[in-house]
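Participant: Dropping a structure here in structure tokens format, bear with me for questions.
The values are calculated or read from the model by the stated rules, or taken from the named source; none is laboratory data. Just so it is clear, the model here is predicted, and its values are computed rather than measured. Ideal geometry is used to build each Cβ from the backbone, glycine not excepted, and the neighbour counts take in all protein chains shown.
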Amino acid sequence: MTNVHPESRKEFQLERLILFTDAVFAIAITLLIIEIKVPELTGNEATEGALISYLGHLIPRFAGFFISFMLIGMYWTRHHFLFGFVIDYTPKLIWLNMLFLLSIVLMPFSTGLFGEFSTPATIHLKTPLIFYVANVCATGFLLYFLWAYIGNPANGVASQALTPGIVHDAKQRALVVSLVFALTIGMAMIDTYASRYFPILTPVFLRVAKRLFPGTLSQTV
């Protein structure tokens, strides 16, 4: 597909790809909150105590919402940063981007499943956590492959401003985030409750990785 269209047409098609991606991100991040239902209390049921009790049961869902909101926001900023270097596109780039978006649109469901079964009565179940972690890890790995493809000069889709150092840094970050979430599965074998909130430590792990590997992980998330 490279060089098939005139320069102006190629820029328009690339802009369509980016706008479509932004729309998918916007819809996915909005759907996260739809999974949390407003309390339905009527008549004698509508008391302060009942409302507070209901909201208390929603805490795990809100925790999942905030984690996923920050994750989707982080992945959007990285995608935005990455495509700032893109000057051309190929069929392979389009499909790699589509696969990446597939993992993004799945996140509202996996977040809802994760939150629904994080109550005291169901927190012992590991499948919702594993499903959610697998979703996040897949997103990280697909972002890694996007960076690898766009950052390869042989593919001719990025400007010269995208240096090997930037690509290396970004790929390392994608792997670190996925690794942190993968560790929650092992953590769940020890303490299923603590494992639910283990991903909150992601920024700490990124800082530790930066100290252990100076010269990498220099870009903002």
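Participant: Going through the stretch 46-93 one residue at a time, which ones are at pLDDT 85 or above, surrounded by 15 or more Cβ atoms within 10 Å (Cβ to Cβ), β-branched (V, I, T) and in a helix (DSSP H, G or I)?
Facilitator: Answer for the stretch 46-93, where residues must be at pLDDT 85 or above, surrounded by 15 or more Cβ atoms within 10 Å (Cβ to Cβ), β-branched (V, I, T) and in a helix (DSSP H, G or I): just I72.
Participant: Taking the condition over 21 Å from S118 (Cβ atoms), surrounded by 13 or more Cβ atoms within 10 Å (Cβ to Cβ) and not hydrophobic (A, V, I, L, M, F, W, C), does T30 pass?
Facilitator: Spelling it out, it is not the case that T30 is over 21 Å from S118 (Cβ atoms), surrounded by 13 or more Cβ atoms within 10 Å (Cβ to Cβ) and not hydrophobic (A, V, I, L, M, F, W, C).
Participant: Now for a separate question. Which residue is modelled with the highest pLDDT, if the candidates are limited to the stretch 129-174 and must be aliphatic (A, V, I, L, M), buried (at least 22 other Cβ atoms within 10 Å of the Cβ) and closer than 30 Å to S53 by Cα?
Facilitator: If we take residues in the stretch 129-174 being aliphatic (A, V, I, L, M), buried (at least 22 other Cβ atoms within 10 Å of the Cβ) and closer than 30 Å to S53 by Cα, then V133 is modelled with the highest pLDDT.
Participant: Is it the case that the stretch 58-81 has a residue that's free of Cβ contacts under 8 Å to residues at least 24 places away in the same chain, closer than 22 Å to G115 by Cβ and over 15 Å from the mean Cα position of the chain (by Cα)?
Facilitator: yes
Participant: Okay, moving on. Mind listing just one residue for me: the one in the stretch 113-128 that is surrounded by fewer than 20 Cβ atoms within 10 Å (Cβ to Cβ) and of a type in the set (S, T, N, Q) and, of those, modelled with the lowest pLDDT?
Facilitator: By that ranking, first place goes to T119.
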